[in-house]
Amino acid sequence: MNHPDRPAGRALSEAEAEAEAARLIAEGYSANAPVATFYKDVAPVPAIGTAPPEPQPGRTAMSQRATDASVLMLAGAGSVSMVSVSAGILMYLSQYADPVVCGVVLGGPTVVVLALCRLVRRTKEVVAAAPPVIHNHYEGTVTQNSTEITTNTRGVIARTRNHFDR
């Protein structure tokens with residue numbers, strides 16, 4: 001920062017820099033030092049800006065579960081459309097094809113794939129819900145205490161009595 005007496009662009013010598021640093025430190029610790037150390041803008045922030053929203057490239061941000069569900073839906077839609085187009089082409093090319101037979105033959109694999117997907121999902125849920133296996137290894141004397149609490153609550157104005165059986 002330039003001092004008002006010094007022309008802009010001229011660098012300070014070593015002695016001038018030390019004198020300026022001492023002057024600033026003395027000014028900071030003096031009784032007439034400026035008190036305000038910050039400024040807070042109290043103007044309200046606009047709720048809506050004037051700039052239009054900018055479209056971002058790629059997929060929108062989603063949770064991992066939503067991303068997995070959207071990929072599953074896209075895969076299911078692709079497989080159903082492939083089966084439907086295949087059935088339509090087959091029925092068009094063979095003018096005497098029975099639509100029910102084509103639906104059973106071409107729709108069967110889709111049903112099997114959907115059933116397998118559901119089975120895999122249920123298996124994942126069962127594995128996630130299983131309690132974790134805990135192995136404890138102890139050395140030396142081990143004492144195990146078990147406390148059972150029996151609680152009885154009776155009366156219109158409830159009164160609870162706890163009995164600790166040992």
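Largest to smallest in accessible area, the residues MET91, MET73 fall in the order MET73, MET91 (1.4 Å probe, all protein chains included).
By a 1.4 Å probe calculation restricted to protein chains, VAL111 has an accessible surface near 100 Å², given to the nearest 10.
GluC sites (Glu not before Pro), restricted to segment 86-166: which are DSSP loop and have at most 14 other Cβ atoms within 10 Å?
Those satisfying the criteria are GLU139.
With springs connecting C-alpha atoms under 10 Å apart, model the chain as a Gaussian network and identify which of PRO52, PRO131, PRO44 has the largest mean-square fluctuation. Evaluated over the chain, the most mobile residue of the options is PRO44. For segment 42-89, count all C-alpha to C-alpha pairs, find those more than 12 Å apart, and express that count as a whole percent of the total. Across segment 42-89, Cα pairs with separations above 12 Å total 77 percent.
Dimensions of segment 91-166 from C-alpha coordinates, computed as largest minus smallest value along each principal axis and given longest first, are 84, 52, 11 Å.
Over the residues of segment 1-128, compute the C-alpha Rg and express it relative to 2.2 N^0.38 Å.
2.67
Taking PRO46, PRO55, PRO132 as the candidate residues, the one with maximal mean-square fluctuation in a Gaussian network model of the chain, Cα springs under 10 Å, is PRO46. Taking chymotrypsin sites (Phe, Trp or Tyr not before Pro) as exposed when their DSSP state is a loop state and no more than 13 other Cβ atoms lie within 10 Å, the longest site-free interval of the chain runs over 40-95. In the context of the full set of protein chains, the chain has a per residue accessible area of 95 Å² (1.4 Å probe). Keeping the other protein chains in place, figure out the carbon and sulfur percent of the accessible area of the chain, with a 1.4 Å probe. That fraction is 63 percent. Projecting the Cα atoms of LEU24, SER13, VAL100 onto the charge dipole of the chain (Cβ charges, centred on the Cα centre) puts VAL100 farthest toward the positive pole.
The values are calculated or read from the model by the stated rules, or taken from the named source; none is laboratory data. None of the values given here were measured: they were computed from a predicted structure. Note: ideal-geometry Cβ built from the backbone for every residue, glycine included; neighbour counts use all protein chains shown. Heavy atoms of the whole protein, side chains included, go into the accessibility calculation; ligands, DNA and RNA do not. Shrake-Rupley method; radii C 1.70, N 1.55, O 1.52, S 1.80 Å.
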